[in-house]
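Read through the structure below, which is laid out as structure tokens, and then see the notes.
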Amino acid sequence: QVQLVESGGGLEQPGGSLTLSCAASGIRFSIYNMGWYRQAPGEQRELVSTIRSNGNTNYVDSVKGRFTISRDNAKNTVYLQMNSLKPEDPAVYYCNALWRTSDYWGKGAQVTVSS
């Protein structure tokens, strides 16, 4: 059974930092392209960042220079380090694992930015 479990969400002040983790089980993690998406209330889910199996990364323009995605294949975990949080960053953040037609999602982690 495939599971993606996000953790690390919560409340942070503007300008603060949070780190999300996504622990995967039931998949051969190292071959999967991993991604973080987010969905704010009333908005469509949007891609935030991806890290391919070869380590190549990609970011949406709005988070470039602030967010960093990384993966630890030994721990089957992907991370999203979020710095300089802005009022437009709050959302439910979802972890995604993709390999060919195998496409899995976590249940999401809430990120709130408020002073």
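The values are calculated or read from the model by the stated rules, or taken from the named source; none is laboratory data. These figures come from a predicted structure and were not determined experimentally. Please note: Cβ atoms are built from the backbone with ideal geometry, for glycine as well, and neighbour counts cover all protein chains shown. Each accessible area value is taken on the protein alone, full model and side chains, heavy atoms only, with ligands, DNA and RNA left out. Shrake-Rupley method; radii C 1.70, N 1.55, O 1.52, S 1.80 Å.
Descriptive notes on the structure:
- Entry note, the chain: relative contact order of 36 percent, from Cα contacts under 8 Å with a spacing of 6+ residues.
- With θ taken as phi - 60° and the Karplus curve 6.51 cos²θ - 1.76 cosθ + 1.60 applied, the whole-hertz 3J(HN,Hα) list for the stretch 64-77 is 4, x, 10, 9, 9, 9, 8, 9, 10, 5, 5, 9, 6, 9 Hz, x standing for glycine and proline.
- Relative contact order of the stretch 58-115, pairs being alpha-carbon contacts under 8 Å that are 6 or more residues apart, as %: 25
- Overall dimensions of the chain as given by Cα atoms, namely Rg and Dmax in Å: 13.3, 42
- Solvent exposure of the stretch 1-112, expressed per residue, is 54 Å² of accessible area, with all protein chains present and a 1.4 angstrom probe.
- Efficiency of FRET from Cβ geometry, VAL2 and VAL60, R₀ 22 Å, rounded to 0.05: 0.30
- Stokes-Einstein D for the stretch 1-65, Kirkwood Rh over Cα pairs, 37 °C, 0.692 mPa s (µm²/s): 240
- Sites matching trypsin sites (Lys or Arg not before Pro) across the stretch 23-115 that sit in DSSP coil, with at most 16 neighbouring C-beta atoms within 10 Å: ARG28, ARG45, ARG52, LYS64, ARG66, LYS75, ARG100, LYS107
- Debye, to nearest 20: dipole size of the chain, +1 on Lys, Arg Cβ, -1 on Asp, Glu Cβ: 360
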